[in-house]
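Written below as structure tokens is the structure these notes are about.
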Amino acid sequence: MKVTVAVVGRLKASDATLAAAEAEYGKRLRRACSFDVVEHKDEAALLAALPAAAHLYALDERGDLITSRQLADDILGAEQLHGGGAPVVFAIGGADGHSDALRARARRLIAFGRITIAHRLVRVLLLEQLYRGFSILRGEPYHRD
């Protein structure tokens, strides 16, 4: 499975701790799937770069509140079974969130809660949850119910 985390904006030099956490979870994820993080200047560039067949999931405060197990079963597991090899893209917006166009293109909107979380921190949270989701699917002990 090919998984891309498409983000608006870049990590800054002052975000070294976040970059290290992102690198660690990226290394772990590459054992479970083909994976990368792609940074875009703005949302228009992110949308333009999306492959037509991509299955897009957008991180959005208006999205569904899901559990780690739901992420594993309903999204990652379903994509493995029924995705047909289509790339899976998780989009993280910039400071202003996502546009109506991106939300309309998404298969599902996902929220990490109703609180506002800095988009650069959401990157690490998403990577950890993707790693946890693949660990659940493989029956590894990283996740405990």
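The values are calculated or read from the model by the stated rules, or taken from the named source; none is laboratory data. Quick caveat: nothing in here was measured; it's all calculated off a predicted structure. Note: ideal-geometry Cβ built from the backbone for every residue, glycine included; neighbour counts use all protein chains shown.
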Checked segment 76-114 for anything among the hydrophobic types (A, V, I, L, M, F, W, C), surrounded by fewer than 13 Cβ atoms within 10 Å (Cβ to Cβ) and closer than 21 Å to Asp15 by Cα; matches are Ala95
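Can you tell me how many residues within segment 38-48 are within 25 Å of Ala23 (Cβ to Cβ), under 16 Å from the mean Cα position of the chain (by Cα) and not in a strand (DSSP E or B)? Working first, answer last.
Let us first name the residues in segment 38-48 that are within 25 Å of Ala23 (Cβ to Cβ), namely 38-43, 45-46.
Those left that are additionally under 16 Å from the mean Cα position of the chain (by Cα): 38-40, 43, 46.
From what's left, not in a strand (DSSP E or B): 43, 46.
Qualifying residue count for the region: 2.
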Of (1) in a helix (DSSP H, G or I); (2) touching a residue at least 24 places away in the same chain (Cβ under 8 Å); (3) not polar (S, T, N, Q), Phe35 satisfies every one except (1)
Considering residues that are more than 15 Å from the chain's Cα centre (by Cα) and assigned to a loop (DSSP other than H, G, I, E, B), the number found within segment 53-73 is 1
With the first residue restricted to segment 47-58 and required to be on the phi < 0 side of the Ramachandran plot and among the acidic types (Asp, Glu), and the second required to be in a loop (DSSP other than H, G, I, E, B) and surrounded by fewer than 18 Cβ atoms within 10 Å (Cβ to Cβ), Cβ contacts under 9 Å at 6 or more apart or on different chains are none
* Asked: Given the structure, is Leu126 assigned to a strand (DSSP E or B) and not acidic (Asp, Glu)?
  -> no
Among residues of segment 74-104 being over 15 Å from the mean Cα position of the chain (by Cα) and among the acidic types (Asp, Glu), the residue modelled with the lowest pLDDT is Asp96
